[in-house]
Amino acid sequence: MKLYCFPVAPNPTRVRVYLAEKGIEVPEVLVSLPKGEQKHPEHLARDPQGRLPVLELDDGSYLTESLPIIEYFEELHPEPPMIGHDPLERARVRTLERIAEMNALLPIARYIHATNSPLGLPPNPVLAGEAEKAMASGLRLLDERVGERPFVAGDAPTIADCTLYAAFFFAEFGKVAIPAEHQNLTRWHAAWRERPSAAAASRRPPRAA
Ligand SMILES: N[C@@H](CCC(=O)N[C@@H](CS)C(=O)NCC(=O)O)C(=O)O
């Protein structure tokens, strides 16, 4: 297997953080987003959408989309569970993961791409204004949902934490501050930063040999 990825980009990051949390080692290959390598023919052959992450399987086929990649690994390595222990818990974890994506990852990514895009997209003040509003209300909602729990979905780390950390890591890179008034999120972030999996987010993968 090989994981094609780029550090900082939130979708590859949540997969890398998940793998590090589970202790699953997958060789990584760098595809440079700032250089536009995701649109080169060799990457389009892996994912015709020209995006990251992509998982190359041992039979030479590919899986795209960060969440299905995570779900695939979770089925291969169910312990310790990071998507809940039973059907109801799994539904709750997946709900919080979706909430983290829609209320943090997406608005933060949209805001950064509309103001100072690392992909070189032109600034778009209208989109930036919309994303800023969505970010403000989304982070408020998430702060309430996380409350005093040690992790987003309760007492143990789950894929919801991986998504939220990927969002906050991209926010730091884009110099977007998480307002200190969100005390639960601030506490959660400070604690997650100390986990070994957080270091996986900033490691630079090697280029293809
Ligand atoms: N839904 C996809 C989104 C993948 C995605 O948008 N990846 C971004 C990096 S975070 C990307 O490759 N962007 C490059 C581009 O769109 O050209 C997933 O979850 O994997």
_Every residue in the stretch 22-45 that is open to solvent by 40 Å² or more (accessible area, probe 1.4 Å) and not small (Gly, Ala, Ser), please._
Glu25, Pro27, Pro34, Lys35, Lys39, His40, Pro41, Glu42, Leu44
*Assuming Glu75 fulfils every condition listed in (1) in contact (Cβ under 8 Å) with a residue 12 or more places away in the chain; (2) more than 10 Å from the ligand (Cβ to nearest atom) apart from one, which condition is it?*
(1)
*Selection count where residues are under 21 Å from Glu25 (Cα atoms), free of Cβ contacts under 8 Å to residues at least 40 places away in the same chain and not aromatic (Phe, Trp, Tyr), scope the stretch 162-198*: 2
*Kindly indicate the residue of the stretch 110-127 that is farther than 20 Å from Pro179 by Cβ and among the small types (Gly, Ala, Ser) and also modelled with the lowest pLDDT among those meeting that condition.*
Gly120
_From the options Arg90, Arg98, residue that is within 14 Å of the ligand (Cβ to nearest atom), open to solvent by 30 Å² or more (accessible area, probe 1.4 Å), assigned to a helix (DSSP H, G or I) and modelled with pLDDT of 95 or more_ = Arg98
*asked:* Looking at the stretch 7-21 only, could you name the residues that are near the ligand (Cβ under 10 Å from one of its atoms) and open to solvent by less than 30 Å² (accessible area, probe 1.4 Å)?
replied: Val8, Ala9, Pro10, Pro12, Thr13, Arg14, Val15
_Answer from Pro68, Pro107 - the residue that is outside the structural domain of Phe168 (by TED's automatic domain parsing), closer than 30 Å to Val176 by Cβ and within 16 Å of the ligand (Cβ to nearest atom)_ = Pro68
*Kindly check whether there is at least one residue in the stretch 16-37 that is without any contact (Cβ under 8 Å) to a residue 24 or more places away in the chain, under 25 Å from Val152 (Cα atoms) and either part of a helix (DSSP H, G or I) or not assigned by TED's automatic domain parsing to the domain that holds Gly154 (or both).*
yes
*Selected residue [under 12 Å from Ile159 (Cα atoms) and open to solvent by 20 Å² or more (accessible area, probe 1.4 Å)] from Pro68, Pro78*: Pro68
_Given the condition open to solvent by less than 70 Å² (accessible area, probe 1.4 Å), free of Cβ contacts under 8 Å to residues at least 40 places away in the same chain and under 19 Å from the mean Cα position of the chain (by Cα), answer yes or no: does some residue in the stretch 118-130 qualify?_
no
_Residues (open to solvent by less than 50 Å² (accessible area, probe 1.4 Å) and part of a helix (DSSP H, G or I)) located in the stretch 131-150_ = Ala131, Ala134, Met135, Ala136, Gly138, Leu139, Leu142, Asp143, Val146
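The values are calculated or read from the model by the stated rules, or taken from the named source; none is laboratory data. Just so it is clear, the structure is predicted and the values come from calculations on it, not from any experiment. As a convention, Cβ positions derive from the backbone with ideal geometry for all residues, glycine included, and neighbour counts pool all protein chains shown. Keep in mind that these areas ignore ligands, DNA and RNA; they rest on the heavy atoms of the full protein, side chains included. Shrake-Rupley method; radii C 1.70, N 1.55, O 1.52, S 1.80 Å.
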